[in-house]
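**Q** The structure that follows is given in the form of structure tokens.
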Amino acid sequence: MKFLSLSCALIMLMACSNLPITKQPSKGQNARIQSLILHFTAGNYKRSMFALRESGAVSAHYLVPSLTDDTYDKSSLEIIQLVDESQRAWHAGYSHWQGRDNLNDTSIGIEIVNEPLCKQDILERNFFGGEFGDYRQCEFPQFDEEQIELVVKLAKDILSRHPDIDPTRVVGHSDIAPARKNDPGPAFPWFELYQQGVGAWYEQETFEQYQAMFEIHPPALALLQRALLFYGYKIKVTGELDAQTQGVIRAFKFHFLPNEPDAVPTITTYAAVFALIERYREEYLRSLLSRYFNDAYVVLGGQQVADDVLTDSERLAQQSLRQKITERTLAFNAVTGVSTLTIKQPSIAELPQLKLHLNGRYISLDFAVQETGRLEVDLGRWTRNGKNVVQVSSDSDLSNIQLQVTGTELRFVEKPELSMPMLDRFADASALNGAIFVARYGEVVKAQQYGKPPKPLVLTDNSHLFTTYLALFSLASERGVSLDDFLETYLPEYQVAGASARQIKHLLQHTSGYGELAEHQVEDMPEGTENRGLHRAYVLSQLPFQFSLGTHYVSDTNTYVLNQLVEGVSGMTLQQYLNHYVWWPLGLKNTSLIYDGVSELPSLKTDDYELLVLMQLLMNHGRYGQVQVFDENSIFNWYLNQQSLPSKYNSEQISAMACVPYLTEQSFVVPAENGQLYVLDHEHQLLLLVTASHHQQLDTSRFSCGLSMFHQDILNHVYQQVFQGQL
């Protein structure tokens, strides 16, 4: 019997080895292991071994003991492997780094025996939470020298086998979970590891240059939050020193500024993170510096510091600020042969030294058309497909001029190499009915119909992006309406209790305190609610707020009141206003509003092409060809700082970056339960429009980013084309 069993096993192995398998490696792959996470155990060797090996609740790939630990009974150190690198160890918990969540799936964890001595005030714990906060004061002991030598050898060995772990992905537990964890603590010698080829660190000279520049003009806190987000931390850009920001700053300082183990943002904090981004994440540097300098020249107003009181590095930083005052740069996307530059300033005639360069080439202004307060320059002869850069310089202060260019128009381009067969197979397998469009730099390179596309196209839940928001952008340009304006300024009948404190921004941000209108319709609404005038009067004068001002709750009532604002200010219905100021100027003939008789919010009826035009209008910051629908006002700039719109499917506005690592902070993503998807990526000048309906309702709340797996698959496939240079 034993012989028979052995014979069967051999036959099976021979059969497997004879399978007709040919290896043809796909480009669509990468290594599973992307990060190396370092921890301290917060306990001695004996307790750590029990927790990591026996408890079944936590584990790690490796444990490095300490010779100073009485519970470690060997005379020399050895590395203990608890989990094979091919397996998933439970060491990270809820975690995030550089767009990836759940790092247990893609990381290797090293636990290092080290036990801080902490005191905590239990009464204060409820106010701070996590393992580390003001309620818990810790003393962090130094790590064993021999222990660190062994950690370095182990880390270098791991990095040699997992080349996708770049220096910025060698991080601590506190980096990936700053709200919960404090390990490996400020005593861990990160700089020593960097000197031996493990992990990231900033260059001292670059750090000092940023330090000098930021001492002249300290950046805003929101800019630090953006920089930390770009480097890899999970942080919301709020502009406030809130609990999540303090946690991230503390984690960053533990890693890169261990002599400042606190949660206070300092000039050195800014300098360190900017120096790191310049060295390792340079693709984000231009965006950050642009925001910084735009703020700097406005705040400084051209004021200069005398050269003789500056150090060399400070003088270099001040020269950078001066350059931004006397030189304005505008990056824009265009197609060859089409672009007009408009330079606006009331006293344009007082700038005789004005110089213009396009893509580094000097452009004479001899043929510019000059009108009162503006210059028009035809750049079509020199523009190129894709990104262009125009520079305007002068000996005079240019901080008040405005630069505008004509907006890119859509063109349909045949690119057989971008047929995206995998996307087509995925769409067919999902039984889609509709279309998928992909456009970049104004070129529509993918326009594929699937199944039986709906005609006309009707947008329901997400109509507010192309109706309410576009109307507000236009109204802000036409009438000067601003985020900080109070609703009662424009709607005298807005008299419900508490209405006098409500500003436009509260309704846009869904922090006005409104609940759902449906909760009051049956009981409180007067008869004849089919009359839209009665409904309007009820909402503006009687519908109570359910929450206090500032409470975040996504409600369609906010959108409804904003629609009434547009109608009240313009004296037109929303339909009429959009016709006159948005759709007709763009030549859109198939776009209109429809009311279903049930909801007081309209749906948008349109077609694929006209919806793409509206998306390109947003991409162009309000311009399409020679038509300017709106300028860059406060309300539009609010929109630019969002990664996704609030919707009734998500209790708060969240970022799709949490699920799709390719997305950037300038990726604006709006999903819908039926499968529709709108993506405007201002950084990559990419439009993605999915009008196709999925064969079943999608669960958009299952993932923390608010995207279904269907949405994630489409986004990942399209962005892979971008990052592989094929799009």
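The values are calculated or read from the model by the stated rules, or taken from the named source; none is laboratory data. Predicted, not measured: the structure shown is a model, and the values here were computed from it. We place every Cβ from the backbone using ideal geometry, glycine too, and count neighbours over all the protein chains shown. Surface areas here come from the heavy atoms of the whole protein model, side chains and all, with no ligands, DNA or RNA. Shrake-Rupley method; radii C 1.70, N 1.55, O 1.52, S 1.80 Å.
Residue-wise test of (1) at pLDDT 90 or above; (2) in contact with a Leu (Cβ under 9 Å, 6 or more places away or on another chain); (3) under 21 Å from Asn259 (Cβ atoms).
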residue	(1), (2), (3)
Ile108	yes, yes, no
Asn126	no, no, no
Gly129	no, no, no
Asp134	no, no, yes
Tyr194	yes, no, yes
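**Q** Checking Ile33 against (1) out of contact with any His (no Cβ under 6 Å at 6 or more places or on another chain); (2) farther than 16 Å from Lys181 by Cβ, which single condition isn't satisfied?
**A** Condition (1) is where Ile33 drops out.
**Q** Another one. For the range 93-102, name all the residues that are within 21 Å of Leu663 (Cα to Cα) and either modelled with pLDDT under 90 or part of a loop (DSSP other than H, G, I, E, B) (or both).
**A** The answer is Tyr94, Ser95, Gln98, Gly99, Arg100, Asp101, Asn102.
**Q** Still on this model: So, of the residues in the range 215-243 that are among the basic types (Lys, Arg) and farther than 15 Å from Thr269 by Cβ, which turns out to be most open to solvent (accessible area, probe 1.4 Å)?
**A** That would be Lys236.
For every residue, the table says whether it meets (1) surrounded by 14 or more Cβ atoms within 10 Å (Cβ to Cβ); (2) within 27 Å of Gln685 (Cα to Cα); (3) modelled with pLDDT under 70.
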position	(1), (2), (3)
Val248	yes, no, no
Pro258	yes, no, no
Ala263	yes, no, no
Phe274	yes, yes, no
Ser287	yes, yes, no
Val298	no, no, yes
Lys324	yes, yes, yes
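**Q** Within the range 200-214, track down each residue that is buried (at least 19 other Cβ atoms within 10 Å of the Cβ) and in a loop (DSSP other than H, G, I, E, B).
**A** Ala200, Trp201, Tyr202
**Q** Kindly evaluate Pro184 against the criterion of being open to solvent by less than 50 Å² (accessible area, probe 1.4 Å), touching a helix residue (DSSP H, G or I) at 6+ places or on another chain (Cβ under 6 Å) and either at negative phi or at pLDDT 90 or above (or both).
**A** Considered against the rule, which asks whether it is open to solvent by less than 50 Å² (accessible area, probe 1.4 Å), touching a helix residue (DSSP H, G or I) at 6+ places or on another chain (Cβ under 6 Å) and either at negative phi or at pLDDT 90 or above (or both), Pro184 comes out as no.
Table: residues versus (1) of a type in the set (Ser, Thr, Tyr); (2) at pLDDT 70 or above; (3) surrounded by fewer than 21 Cβ atoms within 10 Å (Cβ to Cβ).
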{"site": "Tyr624", "(1), (2), (3)": "yes, yes, no"}
{"site": "Ser634", "(1), (2), (3)": "yes, yes, yes"}
{"site": "Gln642", "(1), (2), (3)": "no, yes, yes"}
{"site": "Gln653", "(1), (2), (3)": "no, no, yes"}
{"site": "Tyr662", "(1), (2), (3)": "yes, yes, yes"}
{"site": "His717", "(1), (2), (3)": "no, yes, yes"}
{"site": "Gln720", "(1), (2), (3)": "no, yes, yes"}
{"site": "Phe723", "(1), (2), (3)": "no, yes, yes"}
